[in-house]
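K.L.:
The structure follows.
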Amino acid sequence: MTAKKSMAIVLLILIAGGISFLHGKNKTEYKWKVDDLLTAPRVAGYQLSDNGGWMVWSLRKWDLKEQKQYTELFLTSLTDKKDDVQLTRGQDTFSAVQWVPGDRQISFQTSREFKDTKKGNLWIMSIHGGEPYPVTNFKHGIIAYQWLDKERVLITAREEESLREADIKKAKNTAEVVEDEEHRVIHRLFIYDIKTKKTVRLTDNPKPIESFMVSPDKKWVIYVMSMDMLYGQDQEIRPRFFLMNIDTRESSEIFSEPEIKPQGVFHWAMDNSGFYALSSYSTHPKYIMAAVTKVFWFDMTTRKYREVDLDWNRYGRDMTVTGDGFIMALLDGVRYKYAYYTKKGDTWRRRFIVGDTQKNILGLTLAQDGKTLLYGHSTAAAPVRYYQGELKGNRFLQKREVMKVESPLYQRPFAKREIITWKGAMDDTIEGILYYPLNYEEGKQYPLIVMIHGGPHGADMDFFSDRLSYPAHLMAERGAFSLKVNYHGSSNYGLPFAESIAGHYYEYEVPDIESGVDKLIAEKKVDPGKLGIIGWSNGAILGTALTIHSPRYKAASLGAGDVNWTSDYGNCAFGVAFDNYYFGGPPWERADHYVAKSPLFRLHTVVTPTLIFHGSADRAVPYSQGWEYYRALKVIGKAPVKFISFPGEGHGPRKLAHQRVKLEEEIAWFEKYVFNTYKEKNESLKTGSPLEQLAEYRKIARHEGLFGVYKEGRLLPETVEYKKMSIGRFEVTRAQYASFANGYQFEKGTGNLPVTGVGYEKAKAYAAWLSQTTGDSYRLPNAKEAGTLYAKPSGNTFDYWAGYALNPDDYKNLQKELKDYGDLPALLKSVGSFPSDGEIPVFDLGGNASEWVAQPDTTGKAMGGSADLPSDAKSDLTSKPCYTGFRVIKEEKK
């Protein structure tokens, strides 16, 4: 048998046996994967053409090899059912997609660079095909844009660099003046003509323009000027708002009254008669940390404004303008309640949108034709799907599904979800979303993971929101309930509820959450001995408070949370406004109150195993908070604690590798401390390596085709010419050895494995028997011959099983994976499983089993690589007896 034929037999047998080292079967296989939440393709945005006939939309994807996001643009006809047209390919990102007037071209900003055109400039492409091309070439790109006509576009961009900036760059000076209001970069409005390539400055504002909105007739623009870079920090000097005639450049300030606090979001009426302004409202005279959104109408004829009575005490968000008024998503706890407001003179008539589907609609968009709708529909247990519809009175008529995306999210099993209520602090009704275990059976008790939203002025809604911070379905598949709680201070329940925790931080939220947990325990759904907490930002803040409040939580995974409010005040990007609002003033005026509210000073009571995450560049919750939290728990020593830092990351990790770490570490933490299913991960064990798949390999790596030559019914080894000697092509196999040793037995299907566990004397005896049986002279290799035969270990060594070049520490760690096999040579492979070196006709000289060699002093020595030893040339380790075999040399007849 030739070397090539013997290898072919082995390969065919292994393939037929179904060996795969890519996916192990000795572990629990979950259908929900970490990457489902992180890298699944998602619709990133969409724009309807003015005539309602077309839609352009963007799909966000991940390049997993480069670990970066990119977007692709698609075109969908809304007048027929033609297939979607993919407009772009490649790995660029596209943002701010708009229709160029005329509905035949689209424009966008992109990360793409072209010749001397920098990132962030404006590009155009035809919807009928062809390559996109840049139309602006600003050195620093543009900030935002809106079309005035087919040839003119209104943009915001920064001015050219000042001499001071140039000098700083030339000097390579990276020092910064903190909060340098005097030298802020100024963004102004410009009109750019794409035909003449001329730029005209429209404003000479002394402070940066934050945003703007052009009227449908392109005659007017509302713009917002930021007056102080510290407004987000202290809410002292608010932005100013201006209305400008684009042709005459005459402008006037609007909404200058301090009680009106526009959010910078404006919606023009389709007939240009005025516009709606969304404004934040709080009972606090200064801060708007917890607020509702009011709607104001500004009349272009009278230049006066009035509040629109929504007749809804929870108010709303997300306005869509219609031909005779607007549609608004009114806040209604975990869902929206859509209402159509029709303008009649100086009043608005409200009609609720009817139909069950409206409860779970999001992202509503109406074309300028006043009837073509686009919206998403989702629940907490169903990823969003998008639909084309028609506005008919106060109904959304669904026509067809659009933007169908191939995503693993739609293929996964979904948990049952239930909207539940209970009594919380102050006897108020608290609402939450309960996700059931995928394997739920009535009458059984399951673990519970409490997932606490951030904010605090935010809310969990009945929309699919499984993501990095709150992986409800990953927990559901592991047999756990997840409970999301809209505690006091949350939005969506009216202003009194939102403002209730000002001055009472922790006092109402913690009882709200604990009461929800108690409810589920009382209903015997939840095992009280298997409770866990997941929280990010304010969710982590409250999660820490829960571990102080009760020892019943067996694990907590908390990211970017505060523990020391005295140090938060100056380090947080909005610390002055936040802390003054919720704690009633600065720490130097209320020192005792700050200390009383800071969990740091009560962490000595915590026994809950706590996993901490924090980004080193976080300014929303300062990075130092993570260190203070970790250091206290570590020194106190009552609770297991692990701190994972994300270098260079802000308030949440954006790098895919960091995101994966967050979820994988979190799952392991709960498997260890809550689910009791944790199996310690061997950090030296490479995923997909042969060693990881060893158990499966041993089940299927069996075959009956035996190597060797038959003589008088005996199976004997084959020899070949190599290095001026006639040597066994393979190590002596079990089946060959059985012809010699009476009573020697081996497992069926393993006859081609090298015989091992045979001592030096037995190996010599086999050679003597072989000589007697064949009439030829056989012996073991001697020390001189061994020096030329056994080079650097290769082939079936422990490095092969590990899947990488081992160092001594990894080799030692991996011995744990073999403990169940004892002296069983589980790593042996059939002889000839690895190709020989080049034209060498001899196999396994560098691995599989080490081989007995005759020494000058008549003793034997095992030489050569083996499956249980690394390929480390510096190692002096010797193989175990169960990995020691031999091969023979046939001497020439004289």
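K.L.:
Give me the tail of P(r) for the stretch 201-247 as a percent: Cα-Cα pairs with distance above 12 Å. Kindly include the intermediate steps, with their values, before the conclusion.
P.N.:
Details: 688 of 1081 pairs.
Considering the stretch 201-247, 64 percent of its Cα-Cα pairs are separated by more than 12 Å.
K.L.:
Using 7 Å Cα-to-Cβ label points, what is the ASN742/ASP234 separation (nm, one decimal)?
P.N.:
My value for the distance between the label points is 10.2 nm.
K.L.:
Determine, for each peptide in 555-563, 30-38, 632-640, the mean count of other beta carbons within 10 angstrom over its residues, then list the peptides with the highest first. If you can, show how the numbers build up before the last one.
P.N.:
Numbers: 555-563: 28.4, 30-38: 17.3, 632-640: 15.2.
Put in order of decreasing packing, that is 555-563, 30-38, 632-640.
K.L.:
Suppose every K and R has +1 on its Cβ and every D and E has -1 on its Cβ; what is the size of the dipole of the chain about the Cα centre, in Debye to the nearest 20?
P.N.:
Working: 118 positive and 112 negative charges, 443 e Å.
Computed about the Cα centre, the dipole is about 2120 debye.
K.L.:
Where Lys and Arg each count +1 and Asp and Glu each count -1, what net charge lies around ALA632 among other residues with Cβ under 12 Å from its Cβ?
P.N.:
Details: positive: ARG602, ARG631, LYS634, LYS638; negative: GLU628.
So the surrounding residues net to +3.
K.L.:
How far apart, in nm, are two points set 7 Å out from the Cα along the Cα-to-Cβ line at ASP324 and at GLU390?
P.N.:
Going by the 7 Å Cα→Cβ label model, 1.8 nm.
K.L.:
So, one more: Once neighbouring chains are kept in place and the probe is 1.4 Å, which whole percent of the accessible area of the stretch 767-894 is contributed by carbon and sulfur? Mind showing how you got there, number by number?
P.N.:
Working: 3240 of 6280 Å².
Carbon and sulfur: 52 percent of the exposed surface of the stretch 767-894.
K.L.:
How about the stretch 501-530: which GluC sites (Glu not before Pro) there are in a DSSP loop, with at most 12 other Cβ atoms within 10 Å of their Cβ? All intermediate terms of the calculation are to be shown ahead of the outcome.
P.N.:
On the way: sites: GLU507, GLU509, GLU514, GLU523; in loops: GLU507, GLU523.
Here the GluC sites (Glu not before Pro) that fit, given the DSSP loop and packing criteria, are GLU523.
K.L.:
Using DSSP, restrict attention to beta bridges with both residues in the stretch 767-894 and report what percent are antiparallel, rounded to the nearest 5. Before the final figure, lay out the partial values.
P.N.:
On the way: 7 of 10 bridges.
So the antiparallel bridges amount to about 70 percent of the total.
K.L.:
Please list 147-159, 860-872 highest first by mean number of surrounding beta-carbon atoms within 10 Å per residue. Before the final figure, lay out the partial values.
P.N.:
Working: 147-159: 18.0, 860-872: 23.0.
Highest to lowest by the protection proxy: 860-872, 147-159.
K.L.:
For the chain, calculate the relative contact order in percent as a whole number, restricting contacts to Cα pairs under 8 Å that are 6 or more residues apart. Intermediate values should be presented prior to the final figure.
P.N.:
Numbers: 1930 pairs, mean separation 70.1, N = 894.
Computed value for the chain: 8 percent relative contact order.
K.L.:
Quick one: go through the stretch 265-284 and flag any residue whose amide nitrogen is under 12 Å from the point 7 Å out along the Cα-to-Cβ line of THR302.
P.N.:
No residues fall inside that zone.
K.L.:
Taking the stretch 264-349 as the region of interest, what is the percent of Cα-Cα pairs per 10 angstrom bin, listed from the shortest bin to the one with the maximum distance?
P.N.:
Calculated over all Cα pairs of the stretch 264-349, the distribution is 16, 51, 28, 5 percent.
K.L.:
Past the 25 Å Cα-Cα mark, which pairs from LYS672/LYS816; LYS784/LYS816; LYS711/LYS764?
P.N.:
Numbers: LYS672/LYS816 19 Å; LYS784/LYS816 37 Å; LYS711/LYS764 20 Å.
From the list (LYS672/LYS816; LYS784/LYS816; LYS711/LYS764), the Cα-Cα distance tops 25 Å for LYS784/LYS816.
K.L.:
While we're on this one: Could you tell me what a quarter of the Cα convex hull surface of the stretch 467-550 works out to, in nm² with one decimal place?
P.N.:
Numbers: hull surface 24.9 nm².
Taking the Cα atoms of the stretch 467-550, their convex hull projects to 6.2 nm² on average.
K.L.:
Find how many whole Å separate the alpha carbon centroid of the stretch 837-890 from the alpha carbon centroid of the stretch 114-186.
P.N.:
67
K.L.:
If you wrap the stretch 431-590's Cα atoms in a convex hull and average its projection over all directions, what's the area in nm²?
P.N.:
On the way: hull surface 38.2 nm².
Value for the stretch 431-590: 9.6 nm².
K.L.:
Tell me, Kirkwood radius of the stretch 395-514 from alpha-carbon pair distances, in Å? Intermediate results must be reported in sequence, preceding the final value.
P.N.:
Values: mean 1/r = 0.0619 Å⁻¹.
After inverting the mean inverse Cα-Cα distance, the result is 16.1 Å.
K.L.:
What fraction of the Cα pairs in the chain, stated in percent, has a spacing above 57 angstrom? Kindly include the intermediate steps, with their values, before the conclusion.
P.N.:
Working: 117818 of 399171 pairs.
Counting every Cα pair in the chain, those more than 57 Å apart make up 30 percent.
K.L.:
Under 1.5 on a/c is rounded, so check that first for the stretch 571-621, then, if it is not, pick prolate when a/b is larger than b/c and oblate when it is not; a ≥ b ≥ c are the square roots of the alpha carbon gyration tensor eigenvalues. Don't jump to the answer; show the numbers that get you there.
P.N.:
On the way: a/c = 3.16, a/b = 1.23, b/c = 2.56.
Taking the square roots of the gyration eigenvalues as a ≥ b ≥ c, the stretch 571-621 is oblate.
K.L.:
Near SER871, within a Cβ-to-Cβ distance under 11 Å, what is the net charge of the other residues, with Lys and Arg +1 and Asp and Glu -1? Mind showing how you got there, number by number?
P.N.:
Numbers: positive: LYS792, LYS874; negative: ASP799, ASP872.
Local net charge: 0.
K.L.:
Which percentage, to the nearest 5, of the DSSP beta bridges contained in the chain is antiparallel? Show your work: numbers first, answer last.
P.N.:
Numbers: 146 of 176 bridges.
DSSP beta bridges in the chain are roughly 85 percent antiparallel.
K.L.:
What aspartates and glutamates does LYS686 reach when the alpha-carbon gap must be under 15 Å and sequence neighbours fewer than 8 apart in one chain are set aside?
P.N.:
The reachable aspartates and glutamates, counting only those whose Cα sits under 15 Å from LYS686, are ASP799, ASP809, ASP810, GLU817.
K.L.:
Rg and Dmax in Å for the stretch 520-567, alpha carbons only: what are they?
P.N.:
12.3, 42
K.L.:
For a distance above 17 Å, tell me the whole-number percent of Cα pairs in the stretch 181-278 that qualify.
P.N.:
Numbers: 2643 of 4753 pairs.
For the stretch 181-278, the fraction of Cα-Cα distances above 17 Å is 56 percent.
K.L.:
Using only alpha carbon positions, build the gyration tensor of the stretch 168-238, then give the equivalent ellipsoid semi-axes as the square roots of 5 times its eigenvalues, largest first, whole angstrom. Mind showing how you got there, number by number?
P.N.:
Working: eigenvalues 168, 84, 12 Å².
One finds semi-axes of 29, 21, 8 Å for the stretch 168-238.
K.L.:
Of the lysine pairs in the stretch 275-362, how many meet both conditions: Cα atoms under 25 Å apart, and a spacing of 8 or more in sequence or different chains?
P.N.:
Here the count comes out as 11.
K.L.:
For the chain, what is the calculated [θ] at 222 nm in deg cm²/dmol (nearest 500), taking -39500 (n - 2.57) for each run of four or more DSSP H residues and dividing by its residue count?
P.N.:
Here the helix-only value at 222 nm equals -5000 deg cm²/dmol.
K.L.:
Going by alpha carbons, how many degrees (0 to 90, nearest 10) lie between the helix axis of 509-522 and the longest principal axis of the chain?
P.N.:
50
K.L.:
I'd like the orientation of helix 3-16 relative to the chain: the angle between its Cα long axis and the longest Cα principal axis, in ° from 0 to 90, rounded to 10.
P.N.:
Between the helix axis and the principal axis of the chain, the angle is about 50 degrees.
K.L.:
Could you tell me which of rounded, prolate or oblate describes the stretch 403-472, using a ≥ b ≥ c as the square roots of the eigenvalues of the alpha-carbon gyration tensor, with rounded for a/c under 1.5 and, failing that, prolate when a/b is larger than b/c and oblate otherwise?
P.N.:
Details: a/c = 2.30, a/b = 1.32, b/c = 1.75.
Note, shape of the stretch 403-472 comes out oblate.
K.L.:
Between the stretch 421-462 and the stretch 58-111, what is the C-alpha centre distance in whole Å?
P.N.:
About 38 Å separates the Cα centre of the stretch 421-462 from the one of the stretch 58-111.
K.L.:
Also: Given a 1.4 Å probe, how much area per residue of the chain is accessible, in Å²?
P.N.:
The answer is 46 Å² per residue.
K.L.:
For the chain, find the longest principal axis of its Cα atoms and tell me its angle to the long axis of helix 538-549, 0 to 90°, nearest 10.
P.N.:
70
K.L.:
Per 5 Å bin, what is the whole-percent P(r) computed from every C-alpha pair distance within the stretch 842-894?
P.N.:
Histogramming the stretch 842-894 at 5 Å steps yields 5, 19, 25, 22, 16, 8, 3, 2, 0 percent.
K.L.:
Please list 133-140, 281-288 highest first by mean number of surrounding beta-carbon atoms within 10 Å per residue.
P.N.:
Details: 133-140: 16.8, 281-288: 14.2.
Highest mean packing first, the order is 133-140, 281-288.
K.L.:
Right, something else. According to the Kirkwood expression over distinct Cα-Cα pairs, how big is the hydrodynamic radius of the stretch 512-643, in Å?
P.N.:
Working: mean 1/r = 0.0655 Å⁻¹.
The Cα-based Kirkwood calculation yields 15.3 Å.
K.L.:
With equal scatterers on the alpha carbons only and no solvent term, can you work out the Debye log10 of I(q)/I(0) for the stretch 754-894 at 0.18 1/Å?
P.N.:
Once normalised to I(0) and log-transformed, intensities are -1.05.
K.L.:
Rounded to a whole number, what % of the accessible area of the stretch 624-758 do carbon and sulfur atoms account for, probe 1.4 Å?
P.N.:
On the way: 3240 of 6630 Å².
In the stretch 624-758, the share of accessible area belonging to carbon and sulfur is 49 percent.
The values are calculated or read from the model by the stated rules, or taken from the named source; none is laboratory data. Not measured: the values here are computed from a predicted model. Glycine also receives a Cβ, built like all others from the backbone with ideal geometry; neighbour counts cover every protein chain displayed. SASA here: full protein model, heavy atoms, side chains in, ligands and nucleic acids out. Shrake-Rupley method; radii C 1.70, N 1.55, O 1.52, S 1.80 Å.
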